[in-house]
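A.B. asks: If you scroll down you'll find the structure; I have some questions about it.
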Amino acid sequence: MPTIHYILKDGTTREVDAKVGASVMETAIRGNVRGIDAECGGCCSCATCHVYVDDAFIDLLPPPDDMESALLDAVASERRSGSRLSCQLSVTAAFDGLRVRVPDTQI
């Protein structure tokens, strides 16, 4: 089971075991990770599951589609090169050790 490391606003890290096929957002909600609001429940319509993916993992991810990219243009925290919507990241075995930073705000 892959482990995802969520770096919280205060700098602490929460490690959550993820099920392959679940999203990074679903894993955060199941693990009670604060700061990932996921108001739309994973429908890619609100951008309140924004995370910053660690540079070491960027190449493992498919590029954002047009809808995700448009929502990332309107996120509450600064959009960065590693910005992704965690609802759009489906966990694979290669995600073991994935590090994502929770932004300062989602709204």
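The values are calculated or read from the model by the stated rules, or taken from the named source; none is laboratory data. Just so it is clear, the model here is predicted, and its values are computed rather than measured. Here Cβ is always computed from backbone atoms with ideal geometry, including for glycine, and neighbour counts include all displayed protein chains. Side chains included, ligands, DNA and RNA excluded: accessible areas come from the protein's heavy atoms. Shrake-Rupley method; radii C 1.70, N 1.55, O 1.52, S 1.80 Å.
A.B. asks: Search region 90-107 for residues being touching a Pro at 6+ places or on another chain (Cβ under 9 Å) and not polar (S, T, N, Q), and hand back the single one that is nearest to Pro2 (Cα to Cα).
C.D. replies: Asp96
A.B. asks: Residues of region 52-80 being under 21 Å from His5 (Cα atoms) and of a type in the set (Gly, Ala, Ser), which ones?
C.D. replies: Matches in region 52-80: Ala56, Ser77.
A.B. asks: For the structure I just gave you, tell me whether Ile58 is out of contact with any Pro (no Cβ under 7 Å at 6 or more places or on another chain), of a type in the set (Val, Ile, Thr) and farther than 21 Å from Asp73 by Cβ. Please lay out each step first, then the result.
C.D. replies: On the way: out of contact with any Pro (no Cβ under 7 Å at 6 or more places or on another chain): yes; of a type in the set (Val, Ile, Thr): yes; farther than 21 Å from Asp73 by Cβ: no.
For Ile58, the condition - out of contact with any Pro (no Cβ under 7 Å at 6 or more places or on another chain), of a type in the set (Val, Ile, Thr) and farther than 21 Å from Asp73 by Cβ - is not met.
A.B. asks: Also, I was wondering about something else. Which ones in region 20-37 are closer than 16 Å to Leu98 by Cα and surrounded by fewer than 12 Cβ atoms within 10 Å (Cβ to Cβ)?
C.D. replies: Gly21, the sole residue that qualifies.
A.B. asks: Here is a follow-up. Within region 98-107, track down each residue that is open to solvent by 20 Å² or more (accessible area, probe 1.4 Å) and of a type in the set (A, V, I, L, M).
C.D. replies: The one that is open to solvent by 20 Å² or more (accessible area, probe 1.4 Å) and of a type in the set (A, V, I, L, M): Ile107.
A.B. asks: Of the residues that make up region 61-75, is at least one surrounded by 13 or more Cβ atoms within 10 Å (Cβ to Cβ), within 17 Å of Ala28 (Cβ to Cβ) and in contact with a His (Cβ under 8 Å, 6 or more places away or on another chain)?
C.D. replies: yes
A.B. asks: Collect the residues in region 76-97 that are buried (at least 18 other Cβ atoms within 10 Å of the Cβ) and closer than 14 Å to Thr27 by Cβ, keeping them in residue-number order.
C.D. replies: Arg84, Leu85, Ser86, Cys87, Gln88, Leu89, Val91, Phe95
A.B. asks: Hey, among the residues in region 38-57 that are hydrophobic (A, V, I, L, M, F, W, C) and either modelled with pLDDT of 95 or more or open to solvent by less than 20 Å² (accessible area, probe 1.4 Å) (or both), which one's nearest to Lys9 (Cα to Cα)?
C.D. replies: Looking at the filtered set, the residue picked out is Val51.
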